[in-house]
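Below is one structure, written out as structure tokens; the observations come after it.
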Amino acid sequence: MRTQYCGQVTESFIDQTVTVAGWVHRRRDHGGVIFIDLRDREGLVQVVVNPDTAEVFAKAERLRSECVLQITGKVIPRTEGTINPNMTTGKIEVVANELNVLSMAEPIPFQLDDKNVGEETRLKFRYIDLRRDEMQETLMLRYKVTRSMRRYLDDNNFMDIETPILTKSTPEGARDYLVPSRTHQNKFFALPQSPQLFKQLLMMSGFDRYYQITRCFRDEDLRADRQPEFTQLDIETSFMEEEAVMDLMEGLTKTIFKESIGYEFEGDFPRMPYSEAIEKYGIDRPDLRIDMQLVDVADLLQDIDFKVFAAPAKDPKGRVAALKVPGAGSMSRKDIDAYTKFVGIYGAKGLAYIKVNDLAAGIEGLQSPIVKFFPEQVMEIMKRVEAKDGDIVFFGADKAKIVNEALGALRVKIGEDLGMLNGKFKPVWVVDFPMFEADEETARMTAIHHPFTQPKATTEEILNHDNPEQMLSKAYDLVINGLEVGGGSVRIHDTSMQAAVFKMLGISDEEAQDKFGFLLNALKYGCPPHAGMAFGLDRLVMILGDIASIRDVIAFPKTQSAACLLTEAPGLVDNAQLTDLALRFRKPLRGEA
């Protein structure tokens, strides 16, 4: 039905007859000559309809935006003064001699160039929203990313293998989406949170390099970079240790950036231990574009009378840290109050600060309501944080977790608010994660990544370790601009080590067999050392396209309440379906049998 895409008809086609098809982007009547901007996924082309082609002209007069047309005509150069240098097709136009209306369009609920359309409306009419240039470009970018992934992995001898969508519910950190079984009543499938167990089984089956671009499902609270169903690039390898996997995945990342947006990284990605990330940035996914760091000052404040600082300074689980913001000493009280409210979201009870007006004047050159409480230590603190005139220094004092989260988030927010982002993309590998952490409510050990991650310890050391929270794991995350784009680990391939980890997590032999029996049985029959990684495709496209919301990189996303406004899912089902599934009847709606 067409010979070319609209956006590909350039001056090389002058004097040729082409057939194009697409949507009416806009129609303009210029005193007897009608101009139509026809749009498809490759862009726009200007079509001219002259009154001397009476039948074609009559059809063009009835058109409105978003009608679907097929047009045949001759390509001619635009006259001088009408050339549009901002369009690929801006030097030509198509003079229509045939026009077929393939589909008339009713008035659309919003115009494609309207920047003020609410997200609810955009999601309800997603098929119209997807026609906008921004969405077309984003989904094209997503396609380029997946194409690059497949090409790189194929070239490196990986095999694309599918794993089940209906599987067994296993504890993996988030709630499962459950699917009731009709043929096995009162039993449920679960939608996979990841293909973790199956990709390990593939390694045991001899497929030593596996990948899959797959859908994953987690029933958890949503935010700007989280969806209930999301896509990840899943990868697993045999006979490779963590450094080799990281090198291979770093090559994949560089290839994706180069092929999808033309960006080339310089040099190797830096490595940063988890402990350093937490100490300097308060978070295990630091945004290195922001040149500010947290600085510990607890040792200087343990013996002061100001209990707000002294108590957490003495507490083994407490922390007192400072965050210097260069050149922000003129920050208003209103701004400081707003930041105080912001850190309260993370549990901070307040936000102490010192404005550095004149360091040469000593304590008299510092402006703060807290300086009077530790006058002997304050200049040493200024020296440690390398303060200069015109800076402001914020303080966090509380349990270490609260200080880290509050000041870590404050660092990013101030960096964004004050335009302190340096560089376009700043990657870092975060390594040497703790293997275990204690649940605050139960004190029971949990796995930081998942229970199949290999600790940096022997089986005997796991069983006899005095402080499990100090044990490290062979895990690694790739962070770019403060977002975790991928994470992975070396897996446990020894049955005794897996049993020891389960014991540390308080998982009994019976529970382990019930939840993971098929994996544990497979480990007995010859399991190679293996390691892998998974990339969040949606989050990666967000970074590449500089897009704020994950919903704008997915064709048909859910809202923040995990609903689809387009299809009105989730929805009710009739009682006959519930009967088939041995589920309880619901009360009929009004007018329903």
- Go through the residues of region 480-489 one by one and say whether even a single one is hydrophobic (A, V, I, L, M, F, W, C) and without any contact (Cβ under 8 Å) to a residue 40 or more places away in the chain. no
- Query: From the list V245, V320, which one is at pLDDT 95 or above, over 30 Å from F189 (Cβ atoms) and assigned to a strand (DSSP E or B)?
  - Reply: V320
- Message: Suppose we filter region 375-400 for residues that are in contact (Cβ under 8 Å) with a residue 24 or more places away in the chain and either in a helix (DSSP H, G or I) or outside the structural domain of I345 (by TED's automatic domain parsing) (or both); how many remain?
- Response: 6
- Does M420 satisfy the criteria of being more than 30 Å from A352 (Cα to Cα) and of a type outside the set (F, W, Y)? no
- Note on the structure: Scanning region 79-93 residue by residue, those over 18 Å from G32 (Cβ atoms) and either within 40 Å of the chain's Cα centre (by Cα) or part of a strand (DSSP E or B) (or both) turn out to be N84, P85, N86, M87, T88, T89, G90, K91, I92
- Residue in region 158-177 that is free of Cβ contacts under 8 Å to residues at least 12 places away in the same chain and either in contact with a strand residue (DSSP E or B) (Cβ under 7 Å, 6 or more places away or on another chain) or not β-branched (V, I, T) (or both) present: no
- Query: Considering region 347-374 alone, what residues qualify as being in a helix (DSSP H, G or I) and of a type in the set (A, V, I, L, M, F, W, C)?
  - Reply: L359, A360, A361, I363, V371, F373
- Message: If the requirement is being of a type in the set (D, E, K, R), at negative phi and at pLDDT 95 or above, which of these qualifies: E386, E380, E376?
- Response: E380
- If you take the residues of region 284-317 that are in contact with a Gly (Cβ under 9 Å, 6 or more places away or on another chain) and not in a loop (DSSP other than H, G, I, E, B), which of them is nearest to D398 (Cα to Cα)? P312
- Query: Quick check: is even one residue across region 128-140 within 30 Å of E250 (Cα to Cα), of a type outside the set (A, V, I, L, M) and over 25 Å from the mean Cα position of the chain (by Cα)?
  - Reply: no
- Query: Is it fair to say L191 is without any contact (Cβ under 8 Å) to a residue 60 or more places away in the chain, surrounded by fewer than 19 Cβ atoms within 10 Å (Cβ to Cβ) and within 24 Å of F516 (Cβ to Cβ)?
  - Reply: no
- Query: Counting residues that are within 22 Å of the chain's Cα centre (by Cα), which strands (runs of 3 or more DSSP E) fully inside region 414-453 reach at least 3?
  - Reply: 427-431
- Query: Are any of the residues in region 430-447 small (G, A, S) and under 30 Å from P326 (Cα atoms)?
  - Reply: no
- Query: Do the conditions hold for T453, that is, is it over 27 Å from Q212 (Cα atoms) and not charged (D, E, K, R)?
  - Reply: no
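The values are calculated or read from the model by the stated rules, or taken from the named source; none is laboratory data. Keep in mind that what you see is a predicted model, and the values were worked out from it rather than measured. All Cβ positions, glycine included, derive from the backbone under ideal geometry; neighbour counts span all protein chains shown.
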